[in-house]
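First the structure, in the form of structure tokens, and then the observations on it.
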Amino acid sequence: MNKERLVLSSPHMSNEGFEQEYVQEAFDTNWIAPLGKNVDEFEHELVNYVGSQNGAALISGTAAIHMALKAADVKEDDIVICQSLTFSATANPIIYQGAIPVFVDSEEETWNMDPEFLRAALEKYPNAKAVVVVNLYGLAAQLDEIVAICNEYNVTLIEDAAESLGTTYKGQATGTFGKYGVYSFNGNKIITTSGGGMLVSNDKEKIEKVRFWSTQARDKARHYQHSEIGYNYRMSNIMAGVGRGQLKVLNNRIQKKRYIHDFYKQELKEFSNISFMPENEWSESNFWLSVVILKNKDTNELIDALDEANIESRPVWKPMHLQPVFANYDYIGGEVSEELFKKGICLPSDTKMENEDLYRVTSVIKRVLQSE
């Protein structure tokens, strides 16, 4: 096994060296940390790209969710309704705030929060403080319905778009439908700042408050004075420089992710025992990861075969209501998220992959699917 390992998704710097230019500028001006021009410009450029009005660049998408919950006035023992099929970073900040998560199942059309179960959750918990919806793997949720239900119950919607930067729903960028939108620039995301995230909102006052909290909540005074608890959550000027360079090639990365997804679909279309992520006419996904569903096949068999060929693959996220740490919290829904977890596999979707690499992946999949 001497071929280089193919991974799900890894950092991909621009061929033009945009990132180095912005980072070098930070070095030349000695704005290494904590803030500076790159942070200001990255916030401005990102919110312009997605069509929001204000943004706060933070150290992670998790920090952005945490700040969104705090901005939504989520406090101890408040109810927060959260999509179950997601990564734990969506749910953990609910616990940071001392709040109580209530998990909701997904629906098959988008793999995201089922509006009917969301309504059932709000009927059961009408005083819920916030709803956290996720655009899983770059797939847009049923955002019109979810927004309408949240408005009906007067509950704050937080949109976790960590995986869906560049995805649109009816022509509008995901992450801009809720009161707050969250993006991640972790190393495996469609663009990266090595780590990092951003909170966006049309509420300027709330974003300014988040900037205050995330820089240790230091009051305006000559001495160090603090009237509120703060956090060390602000993005550094170096990281933001990387982000500015990455943003210049985001559209190229989206095109490549879509190409990878279409390649897999074309190569594997003859097999009835495999299906792909849903595509809806009202949404255009960035296909951050290409995910397949196996029918009448053990997912471990395919994962093991790919691993033997030095190819990374992973199961779909294990739903939060099945996680030991969240086992005692309420869950509203059926078995959609659990079935997706049992049958779903994430395939390599790295934007540096060439056709030769994609054929490596599909040849292993074909061999497994053809076996008895």
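Once phi is turned into ³J(HN,Hα) by the Karplus curve 6.51 cos²θ - 1.76 cosθ + 1.60 with θ = phi - 60°, what whole-Hz value does each residue of region 226-236 show in order, with x for glycine and proline?
9, 9, 9, 6, x, 9, 9, 10, 6, 6, 7
Using a 1.4 Å probe, what is the accessible area per residue for the chain, in Å²?
Value for the chain: 44 Å² per residue.
Across region 165-179, in residue order, what do the Karplus-derived ³J(HN,Hα) couplings come to in whole Hz, using 6.51 cos²θ - 1.76 cosθ + 1.60 with θ = phi - 60° and x for Gly and Pro?
4, x, 7, 10, 10, 6, x, 9, 5, 5, x, 10, 8, x, 4
Which GluC sites (Glu not before Pro) in region 1-61 pass both tests, a DSSP loop state and at most 15 other beta-carbon atoms within 10 Å?
Answer in residue order: GLU4, GLU16.
Could you tally the net charge around ILE190, taking each other residue with its Cβ under 12 Å from the Cβ of ILE190, Lys/Arg +1 and Asp/Glu -1?
Charge balance near ILE190 sits at +3.
What share of the DSSP beta bridges in the chain is antiparallel, in percent to the nearest 5?
55 percent
Give, as a single signed number, the net charge of other residues whose beta carbon lies under 12 Å from the beta carbon of LYS366, with Lys and Arg counted +1 and Asp and Glu -1.
With Lys, Arg at +1 and Asp, Glu at -1, the net is +1.
On a 1.4 Å probe surface of the protein chains, which of GLU339, GLU123 comes out largest in accessible area, and what is the full order?
GLU123, GLU339
Quick one: which residues, 5 or more positions from ASN273 or on another chain, have an amide H under 5 Å from its amide H? H modelled 1.01 Å from N in the peptide plane, none for Pro or chain starts.
So ASN273 has HN proximity to no qualifying residue.
Using helices alone, what [θ] at 222 nm do you get for the chain, with -39,500 (n - 2.57) per DSSP H run of 4 or more residues, divided over all residues and rounded to the nearest 500?
Calculated mean residue ellipticity at 222 nm is -11500 deg cm²/dmol.
Let me check I've understood the local charge: for GLN83, count other residues with C-beta under 10 angstrom from its C-beta, Lys and Arg +1, Asp and Glu -1. What total comes out?
Charge balance in the 10 Å sphere: -3.
Can you bin the chain into rounded, prolate or oblate? Criterion: square roots of the alpha carbon gyration tensor eigenvalues sorted a ≥ b ≥ c, rounded for a/c under 1.5, prolate for a/b above b/c, oblate for the rest.
oblate
Give me, ordered by chain and number, the residues 5 or more places off GLN83 or on other chains with an amide H under 5 Å from its own placed amide H.
VAL104, VAL132, VAL134
How large is the Kirkwood hydrodynamic radius of region 205-265, counting all unique pairs of alpha carbons, in Å?
Computed over region 205-265, the radius equals 14.8 Å.
If you count only protein heavy atoms and use a 1.4 Å probe, how large is the accessible surface of HIS12, to the nearest 10 Å²?
Counting only protein heavy atoms, the figure is 30 Å².
Give the carbon-plus-sulfur fraction of the accessible surface of the chain in %, rounded to a whole number; probe 1.4 Å, heavy atoms of protein chains only.
It is 46 percent, rounded to a whole number.
Starting from the amide H of ILE100, placed 1.01 Å from N in the peptide plane, find each other amide H under 5 Å away whose residue is 5 or more places distant or on another chain.
Those lying under 5 Å, H to H, from ILE100 are ASP77, ASP78, ILE79, VAL80.
The values are calculated or read from the model by the stated rules, or taken from the named source; none is laboratory data. On a predicted model such as this, the values are computed, not experimentally measured, just so you know. With ideal geometry, Cβ positions are generated from the backbone for all residues, glycine too; neighbour counts draw on all protein chains shown. For accessibility, only protein heavy atoms count, side chains too; no ligands or nucleic acids. Shrake-Rupley method; radii C 1.70, N 1.55, O 1.52, S 1.80 Å.
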